[in-house]
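This report concerns only the one structure given below.
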Amino acid sequence: MSNDPEAAAIAEYVNGIWDRSIVPTLCDYVRIPNKSPLFDPEWERHGHMERAVELLADWCRLQPIAG
C-alpha cells in the first residue's frame, strides 16, 4: 500500500462505506433462496428472484450518486 496519506484516507473512507452499506446488503442478498429454475421449477411463484432484484435496486436508489 502507498505511503500517501491522501490515498490512505480514501481507502479508509471506501472501506468504511463498503463495510456499513454494501456488506449488509450482500448478506441480505445471499439469504434469499434465489435458485436457478433447474433447482426450483416454481421459482416465479416463489418470488425469490423478484425479492433479490428489488433488494439490489433499492440499495442502488439509496446511493447519493448524481445523475
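Readers should treat all values here as calculations from the given coordinates under stated rules, not as data from a laboratory. As the structure is a computational prediction, the values presented were derived from the model and not from experiment. Note: ideal-geometry Cβ built from the backbone for every residue, glycine included; neighbour counts use all protein chains shown.
Taking only the alpha carbons of the chain, what extent do you get along each of the three principal axes, in Å, biggest first?
Answer, in whole Å and largest first: 53, 28, 16 Å.
To test your reading of the geometry: what angle, between 0 and 90 degrees and rounded to tens, separates the Cα axis of helix 5-17 from the longest principal axis of the chain?
The angle comes out near 20 degrees.
Dipole of the chain (Lys/Arg Cβ +1, Asp/Glu Cβ -1, origin at the Cα centre): which of VAL30, PRO41, ALA57 lies farthest to the positive side?
Most positive-ward Cα: PRO41.
So how strong a dipole does the chain carry about its Cα centre when Lys and Arg Cβ are +1 and Asp and Glu Cβ are -1, to the nearest 20 debye?
Here the size comes out at about 180 debye.
Across the range 20-28, in residue order, what do the Karplus-derived ³J(HN,Hα) couplings come to in whole Hz, using 6.51 cos²θ - 1.76 cosθ + 1.60 with θ = phi - 60° and x for Gly and Pro?
7, 10, 6, 4, x, 5, 5, 4, 4
Tell me, in nm to one decimal, what length is gained between VAL23 and VAL53 on full extension, where the rule is 0.36 nm per residue of separation less the Cα-Cα distance?
Value of the extension gain: 9.2 nm.
Expected output is a single nm value to one decimal: the length gained when fully extending between GLU12 and ARG45, i.e. 0.36 nm times separation in residues minus the C-alpha distance. What is it?
7.6 nm
Take ASP4 and CYS60, extend 7 Å from each Cα along the Cα→Cβ direction, and tell me the distance between the two endpoints in nm.
With each label point 7 Å from Cα toward Cβ, the separation is 3.0 nm.
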